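S.K.: Got a structure for you, written out below as structure tokens; questions coming shortly.
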Amino acid sequence: MNAAATDSAAVQRIVDAIAERQRFVISSHARPDGDALGSELAMAFALRQIGKQVRVVNRDPAPASLIAFPGVADVEVADHIDDPGDAAIIMECGDLARTGVEGLDRGFVINIDHHVGNTGFGALQWFDPTAAACGEMVFDLVQALGVPMSAEIAVHIYVAILTDTGSFHYSTISPKTFDIARQCVEAGVDAPAVARSVYDSNTVGRIKLFGSALDRMEIDDTGRVATLYLDDVMLRSCGATADDSDGLVNLPLTARDIRAVILIKEDGAGRWRISLRSKGSVNVNAVARLHGGGGHVNASGCGASGPLDALAALLRRQVIEQIDTSNP
């Protein structure tokens, strides 16, 4: 069976499961990004259009750059739920535990994801690693449900695609990506306004944080890998929050010779959250998976612990290995 047929069968099983149920809980990974929130809310608006009852529940609040979009203010922030409804739809989570929301596993779970390394949790799974964003998969599901493309659905699908492709930078982009974006604009999305809201709503603290982090940035001896550091002291001194660091990891890639970026964030004593970005065929996902993480070829993440200097040196060696084995 080919991939298209497999996807079609998976989508139909999800459509049938939705038709048989009335109450839904939608969730995604902790610290939700644009693809997580966009996918969740596009799905929520679609289900409500066909008369379903929907709650969107995340462990963490939306980043400031996404608060203005429709429905974001109604997302429940909680680390557990007592009632998982008739089904829980989990968006772009490789593992159910990544939601950080307890109680979702007490009901019927539908797993929709595009990340390599998904554990296959849930009663129903749909996994498409060719999708540039989970929002692309939601677009397909909305069509399969026969739901008209409202302005609210369209804007969230567009936000999901815009953010998870790094503003249409990453190698996962396909002709389908641009076709979906076209249909979103035709449905009423103001693309420049969305981009301004997502990327041009910086606080002064965020600008100071970027400057401080870039001032501390390290470039390896080959001139191809940039390493950035963020800790609580830096955040406080800049008057910034952890959300203000969103997008920082992409900035060094705008330098012509930088092929990959490592961002190491403090996550408690001796613990670190790692974000990895790259250009072209440099596979930072392979590095993230060595540390129990995952994601995409050009954008991945993981967690780690131990001494900072040793960790940074190890990550640089591993990233350089990927650069050396990639195509120019």
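S.K.: If R0 is 30 Å, what FRET efficiency do you get for S305 and D215 from their C-beta distance, rounded to 0.05?
M.R.: 0.70
S.K.: Here's something else I'd like to know. Run the numbers on the chain and let me know its relative contact order in percent, using alpha-carbon pairs under 8 Å that are six or more apart.
M.R.: Relative contact order comes out at 12 percent.
S.K.: Just how far, in whole angstrom, is segment 112-185 from segment 197-247 if you go by their alpha carbon centroids?
M.R.: Result: 29 Å between the Cα centres.
S.K.: So what's segment 40-125 giving for Rg/Rh, alpha carbon basis, Kirkwood Rh from the mean inverse pair distance?
M.R.: Numbers: Rg = 12.9 Å, Rh = 13.6 Å.
Answer for segment 40-125: 0.94.
S.K.: Could you bin all the Cα-Cα distances of segment 248-304 into 5 Å bins starting at 0 and give me the percent of pairs in each, rounded to whole numbers?
M.R.: Taking all Cα pairs of segment 248-304, the binned fractions are 5, 22, 28, 23, 14, 6, 2, 0 percent.
S.K.: A further question follows. Can you work out the FRET efficiency for the pair R317 and A97, with r the C-beta to C-beta distance and R0 = 25 Å, to the nearest 0.05?
M.R.: It comes to 0.30.
S.K.: Let me ask another. Return an integer: the convex hull volume of the alpha-carbon atoms of the chain, in Å³ per residue.
M.R.: 135 Å³
S.K.: Order of D179, D231 from fewest to most other C-beta atoms within 10 Å?
M.R.: D179, D231
S.K.: Mind giving me the FRET efficiency for R271 and R23? R0 is 41 Å, r the Cβ-Cβ distance, nearest 0.05 is fine.
M.R.: Approximately 0.65, to the nearest 0.05.
S.K.: Here's a follow-up. Testing the spin-label approximation: label points 7 Å from Cα along Cα→Cβ at D232 and Q143. State their distance in nm.
M.R.: My value for the distance between the label points is 4.8 nm.
S.K.: How many nm is it between the label spots at I207 and D82, if each spot is 7 Å from the Cα in line with the beta carbon?
M.R.: Placing both labels 7 Å along Cα→Cβ, they lie 4.7 nm apart.
S.K.: Further question: Which of D221, D232, D243 comes first, and how do the rest follow, when ranked by fewest Cβ neighbours within 10 Å? Spell out each step's value before the answer.
M.R.: On the way: D221 8, D232 12, D243 17.
Taking fewest neighbouring Cβ atoms as first place, the list is D221, D232, D243.
Just so you know, all these numbers are worked out from the coordinates, no wet-lab data involved. Everything numeric here is computed off the predicted structure, so don't read it as measured data. With ideal geometry, Cβ positions are generated from the backbone for all residues, glycine too; neighbour counts draw on all protein chains shown.
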